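Colleague: This is the structure, below, for whatever I ask next.
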Amino acid sequence: MKSNSLAAGFGVLGIVFLIVAALYALGVLQILTSTKTGPHYQHAILFGVLAVASFVAANFARVKAV
Amino acid sequence: MNLWQALFIGLLQGTTELFPVSSLGHAVLIPSLLHWSFKQSDPSFLPFLVLLHLGTATALLVLYREQWVAIIRGFFAAAIRGQIRTDDERLAMLLLVGTIPAAILGVFLETRIKSLFASPFEAAVFLVANGVLMLAFEVLRRRAERRAALDSAPRAEQEEGFGQAERISFRAAALVGACQALAFLPGISRSGVTIGGGLLAGLRHEEAARFSFLLATPVILGAGLVEVPQLFSSGVPIGEYLAGTVLAGIAAYASARFLLRYFRSGRLDPYGWYCIAAGLVSLALLRLNL
């Protein structure tokens, strides 16, 4: 399924995931964590991976020039 | 923990991590049955588990070193191009899709589930459940073989009727990856459920095992690397821990080589029966407090 709007959606999602990853790494975000203080690197890495996956999906979804 | 205990746990973890018999279940059950005084939940035990997992992941990386190079190259090529052209590129994307559900469930649920079901009694019950699950996977597989009119063919021919890891669908890869979350229950085997999931997705046994091992590597390695700073906390007997880790790595490498050869014609049934027997014996021993 190729569509530039879908690609843009994945791109935005990727940026959101990157921001969430940074917030977990800096210890700002404490949602769904086992402790309520300090940085959460596992969560940060997870959202980093999700960001990469979203950017990859965006590249797959965009309509390519022939 | 003394050196011999560290070596024993290393050997146990390295062997059972890849066999479809649950490493966590055995790690919870055996020290308890041997009346060893240390607790798995003790904070000083975590660095040891981290090292053992790094040992297992290293063994898998060594075993599949050439394939990982091709997968990583394939990932970047397909990601930049936005198109899959080769089997390595498809496998790289399948592994990414399979790893994501496992990573999400692992980060958000693993600690909670493990702390809920960490008793030896529950581990024994889940070990029996794991055995039933392995047998169920094979029952479904035999049904698929009958449907494909392969039930009377020799084993090698039966296996050739099924596919390679690179050919499974992305939906199946995500489902197989999500199955790994079941392994947070001590007694349920990560490799068992992923190999079983691979069989249901139409893979050969050997290919299901290969996909399971490839899928496990980033999760085990990632979880281990994140916890590395724990190793530098005070009071960690690093010498004993490293000895256990080396043994875990060697055991994992030998286990993976054995299993890949075994699954060319072998099935999950023996491991299913083993899990049922080991779980029932453990339940009896725990009940009798022997």
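Only the coordinates and a few stated rules stand behind these numbers; no lab work does. Everything quoted here is computed from the prediction, not taken from an experiment. In this analysis, Cβ positions are derived from the backbone assuming ideal geometry, glycine residues included, and neighbour counts consider all displayed protein chains.
Colleague: Arrange the peptides B:217-225, B:93-101, B:59-67 so that the one whose residues have, on average, the most other Cβ atoms within 10 Å appears first. List each step's numbers first, then the result.
Modeller: Values: B:217-225: 19.3, B:93-101: 22.4, B:59-67: 16.1.
Descending mean neighbour count gives B:93-101, B:217-225, B:59-67.
Colleague: Could you work out, residue by residue across B:85-96, how many beta carbons of other chains sit within 10 Å of that residue's beta carbon, and then give the average as an integer? Display every interim value, and only then the final one.
Modeller: Working: counts 0, 0, 0, 0, 0, 0, 0, 1, 4, 0, 0, 5.
Partner Cβ neighbours, averaged per residue: 1.
Colleague: So what's the gap between the Cα centers of segment B:178-206 and segment A:28-47, to the nearest angstrom?
Modeller: Each part reduced to its Cα centre gives a spacing of 28 Å.
Colleague: Please report the net charge: other residues with Cβ closer than 13 Å to the Cβ of B:Leu140, K and R +1, D and E -1. Walk me through the numbers on the way to the answer.
Modeller: Values: positive: B:Arg141, B:Arg142, B:Arg143, B:Arg146, B:Arg147, B:Arg267; negative: B:Glu138, B:Glu145, B:Asp269.
That works out to +3.
Colleague: Rule-of-thumb check for segment A:4-61: C-alpha Rg over 2.2 N^0.38 Å?
Modeller: In units of the globular-protein estimate, segment A:4-61 measures up at 1.23.
Colleague: Per-residue Cβ counts within 10 Å, from other chains only, averaged over B:77-84: what number is that?
Modeller: 4
Colleague: Given H placed on each backbone N at 1.01 Å, which residues far from B:Gly163 in sequence or on other chains put an amide H within less than 5 Å of it?
Modeller: Distant-sequence amide H within range of B:Gly163: B:Leu203, B:Arg204.
Colleague: Can I ask one more? Can you put B:Arg261, A:Arg62 in order, fewest other beta carbons within 10 Å first?
Modeller: On the way: B:Arg261 12, A:Arg62 18.
Listing B:Arg261, A:Arg62 from fewest to most nearby Cβ atoms yields B:Arg261, A:Arg62.
Colleague: Something else now. Using per-residue counts of other Cβ atoms within 10 Å, averaged over each peptide, order B:268-275, B:11-18 from highest down.
Modeller: Most protected by this proxy first, the peptides run B:11-18, B:268-275.
Colleague: Shifting gears a bit: Using each residue's phi in segment B:51-57, evaluate 6.51 cos²θ - 1.76 cosθ + 1.60 at θ = phi - 60° and report the 3J(HN,Hα) Karplus result to the nearest Hz, with x for Gly and Pro.
Modeller: Along segment B:51-57, the couplings run 5, 4, 5, 5, x, 5, 5 Hz.
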